[in-house]
Amino acid sequence: MPLKKLKKFQIKNICCIGAGYVGGPTMSVIAKYCPDITVNVVDINKDRINNWNGDFDKLPIFEPGLAKIVSDVRGKNLFFSCDVHKSIKEADIIFISVNTPIKSHGIGAGEASDLRWVESSAREISMHARDHTIVVEKSTLPVKTAEIIKSILESTKQNSDGKNNKITFSVLSNPEFLAEGTAINDLENPDRVLIGGEDKESIDLLREIYLRWVDEKKIITTNLWSSELSKLIANAFLAQRISSINSVSAICESTGADVEEVAKAVGTDTRIGIKFLKSGPGFGGSCFEKDILNLVYICKSLGLKEVASYWEGILKINDWQQDRIYKAVVDKLYGNISGKKIVILGFSFKANTNDTRNSPSIKISKKLLGEDATLVISDPKVAKNKILESLNIKNKDINFVNKISVEINIAKAIENSDAVLIMTEWEEYKNIDWKVLQHKMRKPAWVFDTRSIISVEKIQETNLNFWQLGNGEFN
Ligand code: UDX
Ligand code: ADP
């Protein structure tokens, strides 16, 4: 779009397609800092939209600080609805924040992203946009997705009477770097905002939105492909650090070293840095696995076999870490957990979120169920139906339903259990009084701490057997 046409163009209306973990918090923060801009968040999922419009303490996404912002701006300049067409029509800029899971079948199954929701969003936009519209990729997408979006927008630019309409589009990539659990702080104080595109005027318009609260030095502009690729690579680097430290955790357990001490000693080298060196049950969440699989797929498509297998190694270590935790539990319980009661503390993939996507708890719970254990699952924020849904268990699955119960109260959950497995680093698990709770467990009882949140000294004051990831066994 030539400059003269955009000269007086001002963003007054934003539409965000997708009211999920990215769209919801991102648009809430934009609405907070841009009171003069109307922000419409739309989704095809009616329940989700109803929840966004419902009680502030029951929003579909738990994120510290989110409910306060939504309560301040909802109904003023932030609106949630299922009216996708109307919101597209009214928008000057449209963010695509839809889900992009890994393809389950067909070409690229298990590695490539399933772009059907992105494609349908682009088709909706092409049919209902009324004026020059800036289309922003927000979801994590494989490199060159903007090309697909552009091609759909251009090729469907015909009205039903066959005549070309005059609408023009400009596609930008503006990947989200927020981490769940700290999303509001990440959005309000980002390390950087990345905007990729070819059209300077559109980039500037998006830049102006962020400039309301982000320092200009933090806004990086690149070409489209650099922006798309940078998101995948940033996540791949973060995941690589986790797999690196997790591989070291096993060495520590066998040698008497403590992985926390090693991480500190290594991370204080400023060239390395202390972040993302926390050893645990492997990374979960919606991004890391998907992005690395995408990267592997791109490398293979480009004939870069060695590069593909380098990045694949990070996922292998992640699976291996979860596998060895499960084996440690079985091993310590005399090689047999059939009929034994094991408590899983924490089902979200990390603390401060109710998101269970790719949670290590899912994989480990399934493995334990496969050994015929009885599980009691406890999480302060994940609802019972979501836990059962994540484990793929339907009510008619009698065998499994009888073997799983969900109990939010920790003391009740632990009653008559043989082992407790701490899977998520929720604050309340750090302060459990094991001196009191030990009496509720069946002896010999084990506590497995996969997040290194329990003090070894304190637990040694009890009669519990203790295993801490990256630190070893204590009796
Ligand atoms: C990640 C990226 O951080 C974010 O920039 C991107 O936009 C989306 O993906 P998220 O998945 O929400 O965010 O959470 P993150 O804090 O990165 O944690 C991912 C996983 O790694 C969690 O399972 C977490 O427990 C694990 N992790 C993280 C570790 O095991 N050790 C660490 O040191 C850090
Ligand atoms: P993310 O973590 O990337 O935000 P989520 O799965 O939490 O992913 O949210 C994506 C949302 O996008 C879902 O609520 C889904 O219903 C919505 N969505 C997917 N396709 C469309 C579409 N074509 N129109 C409107 N909403 C869509």
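Looking only at residues that are among the hydroxyl-bearing types (Ser, Thr, Tyr) and at negative phi in the stretch 408-458, which one is farthest from ligand 2 (Cβ to nearest atom)? By that ranking, first place goes to Ser455.
Exactly one residue out of Ile414, Ile459 is in contact with a Lys or Arg (Cβ under 6 Å, 6 or more places away or on another chain) and assigned by TED's automatic domain parsing to the domain that holds Ala351, and it is Ile414.
Selection of the stretch 433-470 for residues being assigned to a loop (DSSP other than H, G, I, E, B), within 30 Å of the chain's Cα centre (by Cα) and touching a residue at least 60 places away in the same chain (Cβ under 8 Å) yields Thr450, Arg451, Ser452, Leu469, Gly470.
Within the stretch 260-290, count every residue that is among the basic types (Lys, Arg), under 18 Å from Ala179 (Cβ atoms) and either part of a helix (DSSP H, G or I) or assigned by TED's automatic domain parsing to the domain that holds Lys363 (or both). Steps first, answer last, please.
Of all residues in the stretch 260-290, those among the basic types (Lys, Arg) come to 264, 271, 275, 278, 290.
Keeping just the survivors that are under 18 Å from Ala179 (Cβ atoms) gives 275, 278, 290.
Narrowing further to those that are either part of a helix (DSSP H, G or I) or assigned by TED's automatic domain parsing to the domain that holds Lys363 (or both): 290.
Number of matching residues: 1.
Of all residues in the stretch 291-310, those being part of a helix (DSSP H, G or I) and surrounded by fewer than 23 Cβ atoms within 10 Å (Cβ to Cβ) number 12.
Note on the stretch 301-344: residues that are charged (D, E, K, R) and touching a residue at least 12 places away in the same chain (Cβ under 8 Å) total 7. Restricted to the stretch 341-387, and to residues there that are of a type in the set (Ser, Thr, Tyr) and not in a loop (DSSP other than H, G, I, E, B), the residue that is farthest from ligand 1 (Cβ to nearest atom) is Thr374.
Name the helices (runs of 4 or more DSSP H) wholly inside the stretch 1-99 in which the number of residues that are within 10 Å of ligand 2 (Cβ to nearest atom), free of Cβ contacts under 8 Å to residues at least 12 places away in the same chain and not aliphatic (A, V, I, L, M) is 3 or more. Write out each step before concluding.
On the way: elements: 3-6, 23-33, 46-52, 66-73, 84-90.
No helices (runs of 4 or more DSSP H) qualify here.
Is it fair to say Gly108 is modelled with pLDDT of 95 or more and at positive phi? No, not satisfied.
Exactly one residue among Leu315, Leu345, Leu391, Leu277 is modelled with pLDDT of 95 or more and over 27 Å from Pro175 (Cβ atoms), and that residue is Leu345.
With the structure loaded, tell me whether Ser97 is hydroxyl-bearing (Ser, Thr, Tyr), crowded, with 22+ Cβ neighbours inside 10 Å and touching a helix residue (DSSP H, G or I) at 6+ places or on another chain (Cβ under 7 Å) or whether it fails that test. So Ser97 passes the test. Summed over the stretch 158-189, residues that are surrounded by fewer than 19 Cβ atoms within 10 Å (Cβ to Cβ), closer than 23 Å to Glu90 by Cβ and at pLDDT 85 or above total 1.
From the set of residues in the stretch 225-258 that are outside any helix (DSSP H, G or I) and either in the same structural domain as Asn13 (by TED's automatic domain parsing) or surrounded by 15 or more Cβ atoms within 10 Å (Cβ to Cβ) (or both), which is nearest to ligand 2 (Cβ to nearest atom)? Quick ask: steps written out before the conclusion?
Looking only at the stretch 225-258, we keep the residues that are outside any helix (DSSP H, G or I), and these are 256-258.
Remaining after also requiring either in the same structural domain as Asn13 (by TED's automatic domain parsing) or surrounded by 15 or more Cβ atoms within 10 Å (Cβ to Cβ) (or both): 257-258.
Details: Ala257: 37, Asp258: 35 Å.
So the residue we want is Asp258.
Among the residues of the stretch 168-191, at least one is away from ligand 1 (no atom under 16 Å from the Cβ), in a loop (DSSP other than H, G, I, E, B), in the same structural domain as Asp36 (by TED's automatic domain parsing) and in contact with a Ser or Thr (Cβ under 9 Å, 6 or more places away or on another chain).
Hey, among the residues in the stretch 201-224 that are touching a residue at least 60 places away in the same chain (Cβ under 8 Å) and exposed (fewer than 15 other Cβ atoms within 10 Å of the Cβ), which one's farthest from Ile94 (Cα to Cα)? Walk me through how you get there before you give the answer.
Just the residues of the stretch 201-224 that are touching a residue at least 60 places away in the same chain (Cβ under 8 Å), to begin with: 201-202, 205-206, 208-209, 212-213, 224.
Checking the rest, the ones that are also exposed (fewer than 15 other Cβ atoms within 10 Å of the Cβ) come to 208, 212.
Details: Glu208: 15, Arg212: 19 Å.
Across the stretch 201-224, the extreme among qualifying residues is Arg212.
Under the condition of being surrounded by fewer than 22 Cβ atoms within 10 Å (Cβ to Cβ) and either of a type outside the set (Lys, Arg) or touching a helix residue (DSSP H, G or I) at 6+ places or on another chain (Cβ under 9 Å) (or both), the residues counted in the stretch 268-289 number 12. Would a scan of the stretch 425-432 turn up a residue that is assigned by TED's automatic domain parsing to the domain that holds Val343, over 21 Å from Ala328 (Cα atoms), exposed (fewer than 14 other Cβ atoms within 10 Å of the Cβ) and more than 29 Å from the chain's Cα centre (by Cα)? No, the conditions are met nowhere in the stretch 425-432.
In the stretch 293-348, which residues are farther than 28 Å from Ala419 by Cα and of a type outside the set (A, V, I, L, M, F, W, C)? Asn294, Tyr297, Lys300, Ser301, Gly303, Lys305, Glu306, Ser309, Tyr310, Glu312, Gly313, listed by residue number.
Whenever a residue of the stretch 121-141 is surrounded by fewer than 23 Cβ atoms within 10 Å (Cβ to Cβ), its partners that are of a type in the set (Lys, Arg) and outside any helix (DSSP H, G or I), lying with C-beta atoms within less than 7 angstrom and at least six residues away or across chains, give the pairs Ser126/Lys157.
The values are calculated or read from the model by the stated rules, or taken from the named source; none is laboratory data. This structure is a prediction, so every number in the text was calculated from the model and none was measured. Heads up, the Cβs are rebuilt from the backbone with ideal geometry, glycines too, and the neighbour counts pull from every protein chain shown.
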